[in-house]
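Asks: Take this structure, written in structure tokens, and hold onto it; I'll ask about it next.
What follows draws every value from the coordinates through simple rules; no lab data is involved. The structure presented is a predicted model; accordingly, all values stated were derived computationally and were not measured. Neighbour counts run over all protein chains shown; Cβ positions are idealised from the backbone, glycine included.
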Amino acid sequence: MKITLLGTGTPQPDIHKFGTSTLIEAAGFRILVDAGRGAVARLAQIDVPVGSIDMVLFSHFHSDHYAALPDIVMTGAIPASWGGRKKRLKIVGPEGVQRVTEGLWAFTSADRDIRIADREIDPEMHRVEAEVLQEGVIFEQNDLKITAFEVDHGDFVKPAFGYRVDYAGQSFVHSHDTRYSENLIRHAQGADVLVHEVAMARPKTLERHPHSRTVLEHHITPVEVGRVFSQIKPKLAMLTHLVLKGPDAPGIDEMLEEVGQSYAMPVIVARDLTVIRFGAAISTYSGETLRG
Ligand SMILES: [Zn+2]
Ligand SMILES: [Zn+2]
């Protein structure tokens, strides 16, 4: 099994940190969890044709987690080495996924009409098969099992999901966006790798800027994420989706110092194209720098 964190960012536009998107490659499948800004460009950087994605799962519908969906659908339908989808894309997400896919069909129609007239694409490749997500096992084939579990991303983002991936006796858990969640801790027991989000702002920022408080209320603090890691004790603890809220945003070192108050083992901060490779050992490297 190979996991590539295609995007590790937030809604804040950043060329180095695209929106959240994670590629799972195992048992002959290519599955994306979330499709934030730039996911198609990141796939191209590691030579994975967007048309080869079998399924896209969504954690929740904040823009930084699904903005690339139209790109995946339209670009993947083009019969080129980097596109070439041969079957309908399956999309699984929380309540609201139907609204997204209905809008998607209308949104893609202008492109579709041109390409049909040019006999360029099979219009069915623009059609997606949507499924509403419930907590539990959502995929199980060839020893690859994916389980969705509810997390706590605030009162108006319900339900929001994290994912656990089990393959060949090894396991990977991604929190996606959440506050401290007991349900996550339950579902992440025994996980080899735990990737978690984190957020921080200075007390003065929270005091003076009510919007920063609203944002932080949807996320977990560094001390709390350390408590989550301490209870799971993964072989590899990784942070992604760093919400370091300005003005006067705290730095990564400062954030890690606080994680260290409640977790004494090593923590890795993910960047776009960080790979987690599961084999006899679990290894991590940067996908782009080590490519061919
Ligand atoms: Zn997010
Ligand atoms: Zn979110």
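Asks: Using label points projected 7 Å from each Cα along Cα→Cβ, tell me how many nm separate Glu95 and Glu257, to one decimal.
Replies: 4.3
Asks: Taking a point 7 angstrom from the Cα of Glu217 along the C-beta vector, which residues in region 136-162 have backbone N less than 17 Å away?
Replies: Residues 152-158 fall inside that zone.
Asks: What percent do you get for the relative contact order of the chain when only Cα pairs under 8 Å and 6+ apart count? Can you show the working numbers first?
Replies: Numbers: 656 pairs, mean separation 46.5, N = 292.
That works out to 16 percent.
Asks: While we're looking at this one, here's another question. By its C-alpha gyration tensor, with a ≥ b ≥ c as the square roots of the eigenvalues, how is region 208-292 shaped: rounded for a/c under 1.5, else prolate for a/b larger than b/c, else oblate? Write down the numbers at each step before the final one.
Replies: On the way: a/c = 2.60, a/b = 1.55, b/c = 1.68.
Taking the square roots of the gyration eigenvalues as a ≥ b ≥ c, region 208-292 is oblate.
Asks: Of all DSSP beta bridges in region 17-175, what percent run antiparallel (nearest 5)? Could the numbers behind the result be given before it?
Replies: Working: 23 of 34 bridges.
Given both bridge residues lie in region 17-175, the antiparallel proportion sits at roughly 70 percent.
Asks: If you don't mind, there's one more thing I want to ask. Need the full-extension length gain, Ser283 to Arg186, defined as separation in residues times 0.36 nm minus the C-alpha distance. One decimal, nm. Write out the running numbers ahead of the final one.
Replies: Details: separation 97, 0.36 × 97 = 34.92 nm, distance 2.48 nm.
Computed gain between Ser283 and Arg186 is 32.4 nm.
Asks: Can you work out ³J(HN,Hα) from phi for every residue in region 40-49, in order, using Karplus 6.51 cos²θ - 1.76 cosθ + 1.60 and θ = phi - 60°, giving whole Hz and x for Gly and Pro?
Replies: Going residue by residue, I get 5, 5, 5, 4, 5, 4, 10, 6, 9, x Hz, with x marking Gly and Pro.
Asks: Please work out how much length the chain gains when fully extended from Glu135 to Lys233, using 0.36 nm per residue of separation minus the C-alpha to C-alpha distance, in nm with one decimal.
Replies: 32.9 nm
Asks: Output the antiparallel fraction of DSSP beta bridges having both residues in region 1-81, as a percent to the nearest 5.
Replies: Details: 10 of 13 bridges.
So the antiparallel bridges amount to about 75 percent of the total.
Asks: Still on this structure: Which percent, to the nearest 5, of DSSP beta bridges fully inside the chain are antiparallel?
Replies: Numbers: 37 of 62 bridges.
Looking only at bridges with both residues in the chain, the antiparallel portion is about 60 percent.
Asks: For Leu244, list long-range residues whose amide hydrogen, built 1.01 Å from N in the peptide plane, is under 5 Å from its own amide hydrogen.
Replies: Answer set, sorted by chain and number: Met200.
Asks: Projected onto the charge dipole of region 2-286 (+1 at Lys/Arg Cβ, -1 at Asp/Glu Cβ, origin at the Cα centre), which of Gln12, Ala264, Ala249 gives the Cα projection farthest towards the positive end?
Replies: So the residue furthest toward the plus end is Ala264.
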